[in-house]
Structures are given as structure tokens and as C-alpha cells.
1. I need the semi-axes of the equivalent ellipsoid of segment 49-364: take the C-alpha gyration tensor, multiply each eigenvalue by 5, square-root it, list largest first in whole angstrom.
2. Can you tally the net charge around ALA151? Count Lys and Arg as +1, Asp and Glu as -1, for every other residue whose Cβ sits under 11 Å from the Cβ of ALA151.
3. Treat the count of other C-beta atoms within 10 Å as a stand-in for reagent exposure and order VAL265, VAL92, VAL128 from fewest to most.
4. Please tell me the relative contact order of segment 49-364 in percent, rounded to the nearest whole number, where contacts are Cα pairs under 8 Å and at least six residues apart.
5. Once phi is turned into θ = phi - 60°, what whole-Hz ³J(HN,Hα) does the Karplus curve with 6.51, -1.76 and 1.60 give for every residue of segment 152-159, x standing for Gly and Pro?
6. What length, rounded to one decimal in nm, is gained on full extension from GLN253 through to ASP135, with 0.36 nm per residue of separation minus their alpha-carbon distance?
7. Which percent, nearest 5, of DSSP beta bridges in segment 49-364 are antiparallel?
8. Please arrange ILE275, ILE174 by how many other C-beta atoms lie within 10 Å of their C-beta, fewest to most.
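Values in this text are rule-based calculations from the coordinates and carry no lab data. Bear in mind that the values here come from a model prediction, so they are computed numbers and not experimental data. A quick note on method: Cβ atoms are made from the backbone with ideal geometry, for glycine too, and the neighbour counts reach across all protein chains shown.
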Amino acid sequence: MRPLAYLTKGVSRSCTHLYRCDWPDLAWRTAIASGALWYHWIRVSDLITAKRMNPLANALAQRRLLILDGALATELERRGCDLNDPLWSAKVLIENPALIQTVHADYVAAGADVVITASYQATIPGFVARGLSIDQAIMLLQRSVAIARAACDQFWADPANRVHRIRPLVAASIGPYGAFLHDGSEYRGDYGLSVSELIAFHRPRMAVLAAAQPDLFACETIPCLDEARALVALLAEFPQYTAWISFSARDGQHNAQGESIAECVAEIATHPQVIAVGINCTAPRFLPDLIQTIRGVTSKPIVVYPNSGETYDPVAQCWIGSTEIADFAAQARQWYAAGARIIGGCCRTTPEHIRALAIWAAREVHCG
């Protein structure tokens, strides 16, 4: 991992490319000491000239289907973590990063070709609200990439693991603004912020994660077109990186805010740094229609990683119902047939779900 140089305002004039992250007290009062403006300079000049890569295209040239990992928070809770916290799974970056690495390793061993970092709900203002310094927040964000990379490297170091596999990729998670709010608004959208304000919010995290050198970004659970527009605009500041954009959806035709998925994807997919588009954190029953709609407006790879199929009760704050792992794998056959080429799991899925997907793919997709 390349070290990140970050400088306070006015300390240095030698950096050739700087990102300034400003959070006015009015907009981000939950994260900033009263009346303050933060100026933090992040140097990423050495990344700007790097050649842009399309790791998903390279991987799909070797395999007909890529398998993503599954839920991180679900596994952390199963292993004893209390995630009732505004930082959610990012809390464990502070308390027990080794456990996150173990979960990543278990997903790779189960068959995941892509590991998503524990940065979904990790932000600089979120960590500072916890009492950490900006320096510590930056370190924790970069740690999320480092431990995912370590899990992948450890797996790949054993030649026996390379048989019929590709080297696992690390996708740095960029969760929505609503995840920072910790109020469920990532499933509603309509934050009341402009695109420029959303760009200002996302810029520091993307800069920090870029310096940690993941393979690509996973811009995920995006509830509205404006936030997708902000992320796509921000990608242009990091020309060496590519990303997938994945929306949360309320039904088979609309994103979480109620906008047409077809219109969202038709606009976002035209950006050259967007190398895949799709849906996550959504009920599996909506995916066939969503995939068909997306396929009708873009030829780029479609990524889907839905929830297990259980229903979340926001009042009781618990999941209701149950699903069988075999049912999840059976549904994945339909998603692949509809056009999805990158498939994994979101909330309530486990390494067992991913193993079932990998076994099915090995038998019915890769062998054909």
C-alpha cells in the first residue's frame, strides 16, 4: 500500500496535485467541532499519471461469470460483533480488523472473485464524530483496503488455490451519503443535497481509498440518480480508476427514490470509467425485471448482489422470514440467464451462499 501524504492548509506548496476537503459546520455539524472549517490536503499526484485499468473486463475475459463476496456485517454479527452503532461494520476496523480479514478470507476461500472492503459506512466525518483524529480516520479507511488485499494475497500465495481461479480483486466500497447519516435514507434517497454537495461529501473518502490502491471502486446501494451523478463526476478526478455503480431498488423498475432505473443506467453507463452497472441490497424477486431493464439500455456488464430474501422490519430493527441457500443459488441461474455477469450477495448472505454460487458456476457456467 502506497503511503498517503496529507498536509494541513498552507504547510506545503510542493504538491503537484492536491484535494482539499471542506466541511462547513452548517452542512456537517454532526462531524465537526462547532464553528470550524476543515482543510485537509491529500496528495495523490503520483496516481494521476497511472494508466487506467479495467479489471472486470480482464477478469471476464477469463471467466464467463464473476462471483462477488457476500454480507460483511452479517458475518461479523454471527461472530460476536455488536454493530448497533453509527459506524456499523466500520466500527470493527477500529476494534478488530483481524476479524474483518478473516471474513474476507472465508469469502475468497468460498469462491469469491471480488472482495468488497469494509468502507461502506466508513467516512472521515463519521470517524471524527467518534472522537478520532483526521489522521486516524485516514488510516482506518486505508486499513480497509489493506486487510482485504492481505486476505486475497494470502489465498493466492498457495499455488493449490490458483487452480481454476483468477486472482481475487479488491473493490473499495463507496457507500451512499445515507449510510453516513445512519437513518436508513440510503433506501429512500432525496437527501436535500445538490450534486455539488454530494461530490464534496464523497471526495475525501475516494481520495483516501484511491491512495490505498484498490483494483476498482464499488459505488454501492446508491438510492438516487443525483448521487450517482456526483460519484461519476468525481471519478473524473481519479482518471486511473474505474468503478461499478450499483443502485438500491424499490421494485422491478425503479431505484429506491422512485426514479426509472432505465433512465438512471442509460445516463450513468455512458461514462468511460463506469465499467459495470447494477443492483444491490434489494429483494431478489425484483432482479429479473431489473436486469432485463438494464440490459435494454447498456451493453456494459451487469452486477447484482441482492439481499438473501428476508425482509427487514425497520420498526423492530430485525429481519423477518427465512430463505434457503439452495434457493438463492437457484435464483442466480435466472439472473445469469437474464444477463448478469457479476453476481454475489448483500445483507444476510454468508460464505455458504457464495460457495453455493461458486459450485453452481463451476458446474453449469464455466464448464460449458
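1. 25, 23, 21
2. Value of the local net charge: -2.
3. VAL128, VAL92, VAL265
4. That works out to 19 percent.
5. Result, rounded to whole Hz: 5, 5, 5, 5, 6, 5, 8, x.
6. 38.3 nm
7. Percent antiparallel among DSSP bridges in segment 49-364 is about 15.
8. Starting with the residue having the fewest Cβ neighbours, the order is ILE275, ILE174.
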